[in-house]
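Participant: Sharing a structure, written as structure tokens. Questions coming.
The values are calculated or read from the model by the stated rules, or taken from the named source; none is laboratory data. From a predicted model like this one, the values you see are computed outputs, not experimental measurements. Cβ: placed from backbone, ideal geometry, glycine included. Neighbour counts: every protein chain shown. Ligands, DNA and RNA are stripped out before the accessible areas are found, and what is left, the full protein with its side chains, is counted by its heavy atoms. Shrake-Rupley method; radii C 1.70, N 1.55, O 1.52, S 1.80 Å.
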Amino acid sequence: MTRQMHLVGYCCIAPTWHHNGAWRHPESDAVRPLDPERYENMARILERGKFDGMFIVDLMMLHDTYGGTFEPNLRQPGQTWMLEPLQVLAGVARVTSRLGLAATMSTSLYPPFHIARAFATLDHLSGGRAGWNCVTSTNDREIQNFGGDRLMEKGLRYDYADEVVEACHALWNTWEDGALVIDQKNGIFADPSKVHYANYQGKYVKTRGPLTTPRSPQGSPVIMQAGASDRGREFAARWAEVIFTLHSDKAHMKKFYDDVKDRVSNVRRDPNHCAILPSVDVVIGETDSIAQEKADYINSLVSAELGVAEVSNAIGVDLSTYSLDKPLEDMEITQGARGMMDIILQGSEGRTLRDVGYIWGVRQMAPQLIGSPTTVADSLCEMFEAQACDGFIICPSLTPTSYSQFVDMVVPELQRRGVYRKEYQGRTFREHLRQAL
């Protein structure tokens, strides 16, 4: 089988995704951010397009890095995570049958038993479609919401996360296949000989087990990861089955792709079992000119000032003391999330902070693909066939319109070219990802 492109839909339980002006568009469904039907409808669209999965990003705080206040991210608004994603996905699982369902949960905030039980439960409810976007958190304000003061130093956070994932796997394996018997005639519900203690003991983490939730259809959820730093890439090479990346162009994608695939091989994992999916934003029209008109309009709704506040939140550094018209290369920013800062600096020569805020407000440094279905498919195939990626995280500029247009207009073109599935071959999230990667 020809190498197949993998697609995952990006989602937040929030008014906006990457595009901070999209909520003001008359077609936007952002006026219903708390309505579960909004997210169920998106999932139905993605499943109709045979997407591998739906990926919900989450954060455990209201952003207030910029100027020490959450006012900028509520007044306009920026990304504001409003509902707990696994509960939303439990509802989505009931209206879909094949779509992978992934959500973020931080190793720095939740103990392994909670994480293992939550994703085993989602895997059962969805029939084997759960995915865990495993993050370490970057902002002290998150752990302060959980009663702590400061996150561990970055390197130690990943050491701690390694143990959390090890402990979760130990818990998922406490129930063997076939342990749940449910034999009414002979009065045997489960076979105790096939249930075991985990007794995991690491330097930072320990858990006794057994997990209260029986072994789930996949055994363990698909592990997603998005770390861009050197230590984050090491962690991804060890654990990730999907890596979500953010790069401004094909050259940076290719450099990241080659580096991480080498790291996966070096830890004796099959590189084909680790799908690297950069994010792309899409604006689609019947022709290139119509698509450009659409993009010009929706991009006119962007707030560059809000974009700067969002950059401030993303890197964990208060940028409110800098002039918006100061060239980015003249700013000495040595703190914050290093991997994210490196992404922001890609191709930033000559740009001011205001310019970067606008770009972030439009696409958060990911490519914005504007054009007809053929033009968008050409761009995707160029990156895919250059082996700069294994597919894409599709981020809609406008919900749900961008999703439905992509599925109805771009997906058939990718299928015609033979690089994308016409039907699901498997039932689980992991089976989708292993298809001709």
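Participant: Tell me the relative contact order for the range 1-88 as a rounded percent, counting alpha carbon contacts under 8 Å between residues six or more apart.
Facilitator: 40
Participant: Something else: Residues of the chain: accessible area per residue at 1.4 Å, in Å²?
Facilitator: Details: 17800 Å² over 437 residues.
Each residue of the chain exposes 41 Å² on average to a 1.4 Å probe.
Participant: Using a 10 angstrom Cβ neighbour count of at most 12 plus a DSSP loop assignment to flag exposed trypsin sites (Lys or Arg not before Pro), which longest range of the chain is free of such sites?
Facilitator: 269-421
Participant: On to the next question. Over the range 45-131, calculate the relative contact order: mean separation of alpha carbon pairs under 8 Å at least 6 apart, over the residue count, as a percent.
Facilitator: Numbers: 90 pairs, mean separation 28.1, N = 87.
The value is 32 percent.
Participant: Toward the positive end of the charge dipole of the chain, about the Cα centre and with charges on Cβ (Lys, Arg +1; Asp, Glu -1), which of T104, V164, T138 goes farthest?
Facilitator: Of the candidates, V164 comes out farthest on the positive side.
Participant: Report, largest value first, the span of the C-alpha coordinates of the range 1-69 along each principal axis, in whole Å.
Facilitator: Over the range 1-69, Cα extents along the principal axes are 53, 26, 20 Å.
Participant: Another question, if that's okay. Through the Karplus equation 6.51 cos²θ - 1.76 cosθ + 1.60, θ set to phi - 60°, convert the phi angles of the range 10-18 into ³J(HN,Hα) values in whole Hz; use x for Gly and Pro.
Facilitator: Result, rounded to whole Hz: 8, 8, 10, 7, 7, x, 10, 9, 6.
Participant: While we're looking at this one, here's another question. What percent does the relative contact order of the chain come to when contacts are Cα pairs within less than 8 Å and at least six residues apart?
Facilitator: Result for the chain is 24 percent.
Participant: Could you name the aspartates and glutamates in cross-link range of K422, using Cα to Cα under 14 Å and dropping any fewer than eight places away on the same chain?
Facilitator: Counting by Cα, and skipping residues close in sequence, K422 has these aspartates and glutamates nearby: E47, D52, D408, E413.
Participant: For the chain, what % of the accessible area comes from carbon and sulfur atoms, probe 1.4 Å? Could you put the intermediate results ahead of the total?
Facilitator: Numbers: 8750 of 17800 Å².
Summing carbon and sulfur atoms, their accessible area is 49 percent of the total for the chain.
Participant: To the nearest 20 Debye, how big is the dipole of the chain about its Cα centre, given +1 on the beta carbon of each Lys and Arg and -1 on that of each Asp and Glu?
Facilitator: For this selection, approximately 1380 debye.
Participant: Follow-up question, since we're still on this one. Using Cα centres only, tell me the gap between the range 223-291 and the range 57-136 in whole Å.
Facilitator: 20
Participant: Let me ask something else about it. Between A190 and D159, what is the FRET efficiency for a Förster distance of 35 Å, r being their Cβ-Cβ separation, to the nearest 0.05?
Facilitator: According to the calculation, E is roughly 0.45.
Participant: Residue by residue, what Karplus-based ³J(HN,Hα) values in Hz, rounded to whole numbers, does the range 420-435 have, using 6.51, -1.76 and 1.60 with θ = phi - 60° and x for Gly and Pro?
Facilitator: 3J(HN,Hα) across the range 420-435, in whole Hz: 9, 4, 8, 9, 5, 9, x, 10, 9, 4, 4, 5, 4, 5, 7, 6.
Participant: Which residues' amide hydrogens lie under 5 Å from the amide hydrogen of I276, considering only partners 5 or more residues apart or on another chain, with H built in the peptide plane?
Facilitator: I243, D390
Participant: Another one. What is the angle, in °, between the Cα long axis of helix 85-95 and the longest principal axis of the Cα atoms in the chain? Nearest 10 is fine, range 0 to 90.
Facilitator: With rounding to tens, the tilt is 80 degrees.
Participant: Continuing with this model, one more query. On the first, second and third principal axes, largest extent first, how far apart are the outermost C-alpha atoms of the chain in Å?
Facilitator: Extents along the principal axes, in whole Å: 73, 52, 44.
Participant: If you take the beta carbon distance between E286 and R24 as r and set R0 to 35 Å, what does 1/(1 + (r/R0)^6) give as a FRET efficiency, to the nearest 0.05? Don't skip to the end; give the middle numbers.
Facilitator: Working: r = 24 Å, r/R0 = 0.67.
For R0 = 35 Å, the calculated efficiency reads 0.90.
Participant: Taking a cut-off of 26 Å between Cα atoms, list the lysines near K250, but don't count ones fewer than 8 places away on the same chain.
Facilitator: K50, K261, K294
Participant: Let me ask you something else. Within the range 139-153, which residues have the backbone N less than 19 Å from the label spot 7 Å out from L74 along Cα→beta-carbon, could you tell me?
Facilitator: Residues 141-146 fall inside that zone.
Participant: Be a star and scan the range 268-291 for residues whose amide nitrogen sits under 15 Å from the point 7 Å along the Cα-to-Cβ vector of A386.
Facilitator: It comes to 278-280, nothing else.
Participant: Please report, in cubic angstrom per residue, the volume enclosed by the convex hull of the alpha-carbon atoms of the range 222-268.
Facilitator: Taking only Cα atoms, the range 222-268 has a hull volume of 63 Å³ per residue.
Participant: Give the calculated FRET efficiency between D183 and K422 to the nearest 0.05, with a Förster radius of 51 Å applied to their Cβ-Cβ distance. Kindly include the intermediate steps, with their values, before the conclusion.
Facilitator: Details: r = 41 Å, r/R0 = 0.81.
So the FRET efficiency works out to roughly 0.80.
Participant: List the lysines whose Cα sits under 18 Å from the Cα of K203, skipping any in the same chain fewer than 8 residues away.
Facilitator: In chain and number order, the partners are K154.
Participant: Also, quick follow-up: Provide, for q = 0.21 Å⁻¹, the log10 of I(q)/I(0) from a solvent-free Debye sum over equal Cα point scatterers in the range 1-140.
Facilitator: -1.33
Participant: Residue by residue through the range 66-74, which ³J(HN,Hα) values in whole Hz follow from phi under the Karplus form 6.51 cos²θ - 1.76 cosθ + 1.60 (θ = phi - 60°), with glycine and proline marked x?
Facilitator: 6, x, x, 9, 8, 3, x, 8, 10
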